[in-house]
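Asks: Dropping a structure here in structure tokens format, bear with me for questions.
The values are calculated or read from the model by the stated rules, or taken from the named source; none is laboratory data. All of these numbers come straight from a predicted model, not from anything done at the bench. In this analysis, Cβ positions are derived from the backbone assuming ideal geometry, glycine residues included, and neighbour counts consider all displayed protein chains. Side chains are part of the model used for accessible areas, which takes the heavy atoms of the whole protein and leaves out ligands, DNA and RNA. Shrake-Rupley method; radii C 1.70, N 1.55, O 1.52, S 1.80 Å.
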Amino acid sequence: MTTIMRKSVLSVAGLAFAGGVFAGPIAAHAATPAVDAKPVAVAVQSAAPKPQGEQSHISLNDEQTANVKAIIAATKKAGLPERAAVISIATSLQESKLENLGHLGDANDHDSLGLFQQRPTSGWGTPEQITDPAYSTTAFLKGLKQVDGWQDMPLTDAAQTVQVSAYPDAYAQWEQQATDLVAQHWNS
């Protein structure tokens, strides 16, 4: 085969290939019936996560209610949203039933104190500091802010990441009461 003839055959083959590539998709779409497509707006509503599992509830006395208000005030002062207060209150409900506990002697879990049962030997602060509701809440919130994605994770996971409890799933049972308490006291 001469060089001229070889170039001619390759040129024709190249044109056929190029025509197939360019005409193929166009021809395929031409055979498809047209669809009257209109843009659709989809509303995505961000709702608070639903509480996990069976829920617990306790009646609060004046001291416990004052501690709820102290947790909410510390949360607002830290510039955090209501979800942070819900996580904090649920954690305190589990840890102390919202009671600012001092040293409980033999019933104490190590040297745990206060609303969140924080331990001086674990670096949470002095006994005087962690039995101050504003201080202990601020310390808890500082830990919470260090948890990536805490706003969107299940409450029990966020609380457990901060608290490192022997009972990691126990926080979930207080989510509904904590949510209700924040709704009741956030704007009061």
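Asks: Out of Ala37, Ala70, which single residue is of a type in the set (A, V, I, L, M, F, W, C), open to solvent by less than 90 Å² (accessible area, probe 1.4 Å) and modelled with pLDDT of 95 or more? Before the answer, list the steps.
Replies: Values: Ala37 fails: modelled with pLDDT of 95 or more.
Criteria check complete, one pass: Ala70.
Asks: Working only within segment 67-87, note down all residues that are part of a helix (DSSP H, G or I) and either of a type in the set (D, E, K, R) or without any contact (Cβ under 8 Å) to a residue 60 or more places away in the chain (or both). Give the derivation first.
Replies: If we filter segment 67-87 for residues that are part of a helix (DSSP H, G or I), which is where we start, we get 67-77, 82-87.
Correct list: Lys69, Lys76, Lys77, Glu82, Arg83.
Asks: Also, quick follow-up: Hey, can you tell me all the residues within segment 171-188 that are assigned to a helix (DSSP H, G or I) and either open to solvent by 70 Å² or more (accessible area, probe 1.4 Å) or within 10 Å of Thr91 (Cβ to Cβ) (or both)?
Replies: Within segment 171-188, Tyr171, Trp174, Gln176, Ala178, Asp180, Ala183, Gln184 meet the criteria.
Asks: If I go through segment 139-168 residue by residue, how many of them are surrounded by 15 or more Cβ atoms within 10 Å (Cβ to Cβ) and more than 14 Å from the chain's Cα centre (by Cα)?
Replies: So the count comes out to 4.
Asks: Further, regarding this structure: Given Gly53, Gly105, Gly125, Gly20, which one is touching a strand residue (DSSP E or B) at 6+ places or on another chain (Cβ under 8 Å), more than 20 Å from Ala183 (Cβ to Cβ) and modelled with pLDDT under 95?
Replies: Gly125
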